[in-house]
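The values are calculated or read from the model by the stated rules, or taken from the named source; none is laboratory data. Quick caveat, the model's predicted, so the values are computed rather than measured. Cβ placement follows ideal geometry from the backbone for every residue including glycine, while neighbour counts extend to all protein chains displayed.
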């Protein structure tokens, strides 16, 4: 199943897009977020520790992590893409805070 993130990663791997072009798109896009409430008590923390990890979220940084673990991205590419995603999320947070 493809989405914008996987399409960008495929283009990067195929050489039809440069890392700079993918980074720029990562900075411009909105990233999906999980709505996870923080545990308020030790009991809630213990319950959370026993739950399954968060499920795969299509179009999220999960796709980048999966590509890295498959060996489709170098550690340098992964780091640059992670930074671009973080910049996008910080900018989005800043915009929301200013509203």
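Which residues, counting only those in the range 44-64, are free of Cβ contacts under 8 Å to residues at least 12 places away in the same chain, in a helix (DSSP H, G or I) and within 22 Å of residue 26 (Cα to Cα)? The answer is 62, and nothing else. Here the range 4-21 is the region considered, the condition is being more than 13 Å from the chain's Cα centre (by Cα) and in contact (Cβ under 8 Å) with a residue 40 or more places away in the chain, and the residue that is nearest to residue 89 (Cα to Cα) is 19. Taken across the range 73-85, residues that are modelled with pLDDT of 90 or more and exposed (fewer than 10 other Cβ atoms within 10 Å of the Cβ) do occur, with at least one present.
Picking from residues in the range 26-61 that are surrounded by 13 or more Cβ atoms within 10 Å (Cβ to Cβ), farther than 14 Å from residue 73 by Cβ and touching a helix residue (DSSP H, G or I) at 6+ places or on another chain (Cβ under 6 Å), the one that is modelled with the highest pLDDT is 27.
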